[in-house]
1. Within the range 246-259, track down each residue that is in contact (Cβ under 8 Å) with a residue 24 or more places away in the chain and either in contact with a helix residue (DSSP H, G or I) (Cβ under 9 Å, 6 or more places away or on another chain) or closer than 14 Å to residue 160 by Cβ (or both).
2. Please go through the range 141-176 and give me each residue that is buried (at least 19 other Cβ atoms within 10 Å of the Cβ) and not in a loop (DSSP other than H, G, I, E, B), ordered by number.
3. For the structure I just gave you, tell me whether residue 336 is surrounded by fewer than 24 Cβ atoms within 10 Å (Cβ to Cβ), touching a helix residue (DSSP H, G or I) at 6+ places or on another chain (Cβ under 6 Å), in the same structural domain as residue 45 (by TED's automatic domain parsing) and part of a helix (DSSP H, G or I).
4. Can you tell me which residues in the range 339-370 are part of a helix (DSSP H, G or I) and farther than 23 Å from residue 47 by Cβ?
5. Could you list, in sequence order, all residues of the range 403-433 that are assigned to a strand (DSSP E or B) and over 21 Å from residue 514 (Cα atoms)?
6. Has the range 321-329 got at least one residue that is closer than 17 Å to residue 373 by Cβ, in a helix (DSSP H, G or I) and assigned by TED's automatic domain parsing to the domain that holds residue 371?
7. State yes or no: is residue 290 touching a residue at least 60 places away in the same chain (Cβ under 8 Å), buried (at least 23 other Cβ atoms within 10 Å of the Cβ) and not in a helix (DSSP H, G or I)?
8. Going by the conditions given, is residue 266 surrounded by 14 or more Cβ atoms within 10 Å (Cβ to Cβ) and part of a loop (DSSP other than H, G, I, E, B)?
């Protein structure tokens, strides 16, 4: 019933929008015709070719892709947009473990096989013979004190997973609004640190399976270096029940059962480790956003961004993941639009507002390139009128196999009431079906939050996200350029071009008069 009602509402909205459509601006048509399937295909076979090795952020393949895009922007006639340069450089960091062993009960336990932790959240440390004290669930408040009668100064605290529960099995201390499993754990670590613990072991049923994660557990994702807090939080390690038994000299399952029956008391249990060594290194990874600008005429101090990410996920298990659709398709579309707009300028039809063509890296690592740009903008965010972001526009998803003449439009109605009418008028020059399915704020995929436009949207800059939906080759080695529908890629790129033309040339900048999820 709910889905039928929603569909009816969407259909009604579509009919209303169609009835109010403005006449399309045909001035862009001759220049949009320069965006062609053969040119897109030629460039995509390079961007998603084996030489690029999947374009993973901070790798030679990404650097090669950046050089290719710069060459295209330069030949088109754009100007370098990053303070006179083609690239906005930034550094990312990655932690890797160099050694990790714990000796206890005559046994040696290895990081990544017997235990693990969050590399980024923990500092290198090593020490010899150290006492271990069991402190139950590690909670200390007026009603419940796991540490009653315990001295853990300069010792390792060992904790059970979970929380105390009453006879009905309900938590004694329900989570407060906004509290997560991670924040609850950090509270436990703060408590242990405040009582003088030098480290915390958390017994986890998942630790026994950690070897399946392979090398992934031995390195962090890429991240921006941030200021470190002065708050002391001891290192934490997730260990298996078997490892806990070796440390305490008794089965942990027995101790855990005693804890569950003990009410507010913590069963007595102590042990020791012979040694602990945890050492990590930090790698600096260089990356960049590639930026070219076409200065406007009478409104040159207002900026329209056209974006796509040019990174992908690289080589996994020896296989190149080419990323032809994700997001080679968006990258070559940005190049094609830059060339088309420059041809218009040379014909005396240059845009009134400046247009910045930006391909970002680090998207696959957490929208890092677009985050860096919006935190270090080259052009004032207050003067940035919109971002048209393209992420996967070369394929067809399962829902549209019988009628592939579509594109998903996401976010067009979130911040500005002007943007959808402009988009739909522009589409009269192209004739695609504009699918608004993923605009539903309750959509579980949450695509609105998952690509680079969202970094602009957080600053109240109107956006449109163009997307073809996921397919079986998404993030797979099969996302190759031979599977792209180039005629459809051409039409979708032309739609973005027509929309950009109108935004760049209209008298009034887009209103920011909405704040929708």
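1. If we filter the range 246-259 for residues that are in contact (Cβ under 8 Å) with a residue 24 or more places away in the chain, which is where we start, we get 246-249, 252, 255-256, 259.
If the condition is that a residue be in contact (Cβ under 8 Å) with a residue 24 or more places away in the chain and either in contact with a helix residue (DSSP H, G or I) (Cβ under 9 Å, 6 or more places away or on another chain) or closer than 14 Å to residue 160 by Cβ (or both), then 247, 248, 252, 255, 256, 259 are the ones that fit.
2. Once the filter is applied, which keeps residues that are buried (at least 19 other Cβ atoms within 10 Å of the Cβ) and not in a loop (DSSP other than H, G, I, E, B), the range 141-176 yields 156, 157, 158, 159, 160.
3. Details: surrounded by fewer than 24 Cβ atoms within 10 Å (Cβ to Cβ): no; touching a helix residue (DSSP H, G or I) at 6+ places or on another chain (Cβ under 6 Å): yes; in the same structural domain as residue 45 (by TED's automatic domain parsing): yes; part of a helix (DSSP H, G or I): yes.
It is false that residue 336 is surrounded by fewer than 24 Cβ atoms within 10 Å (Cβ to Cβ), touching a helix residue (DSSP H, G or I) at 6+ places or on another chain (Cβ under 6 Å), in the same structural domain as residue 45 (by TED's automatic domain parsing) and part of a helix (DSSP H, G or I).
4. Answer for the range 339-370, where residues must be part of a helix (DSSP H, G or I) and farther than 23 Å from residue 47 by Cβ: 344, 345, 346.
5. Taking the range 403-433 first, the residues assigned to a strand (DSSP E or B) are 406-410, 433.
Across the range 403-433, the qualifying residues are 406, 407, 433.
6. Of all residues in the range 321-329, those closer than 17 Å to residue 373 by Cβ come to 327.
Still in the running and in a helix (DSSP H, G or I): 327.
Then drop every residue that is not assigned by TED's automatic domain parsing to the domain that holds residue 371, which leaves 327.
Yes: the range 321-329 contains one or more residues that are closer than 17 Å to residue 373 by Cβ, in a helix (DSSP H, G or I) and assigned by TED's automatic domain parsing to the domain that holds residue 371.
7. Working: touching a residue at least 60 places away in the same chain (Cβ under 8 Å): yes; buried (at least 23 other Cβ atoms within 10 Å of the Cβ): yes; not in a helix (DSSP H, G or I): yes.
For residue 290, the condition - touching a residue at least 60 places away in the same chain (Cβ under 8 Å), buried (at least 23 other Cβ atoms within 10 Å of the Cβ) and not in a helix (DSSP H, G or I) - is met.
8. Numbers: surrounded by 14 or more Cβ atoms within 10 Å (Cβ to Cβ): yes; part of a loop (DSSP other than H, G, I, E, B): yes.
In short, yes.
The values are calculated or read from the model by the stated rules, or taken from the named source; none is laboratory data. Please read all numbers here as calculations on a predicted model, not as lab measurements. FYI the Cβ positions are ideal-geometry reconstructions off the backbone, even for glycines, and counts take in every protein chain you see.
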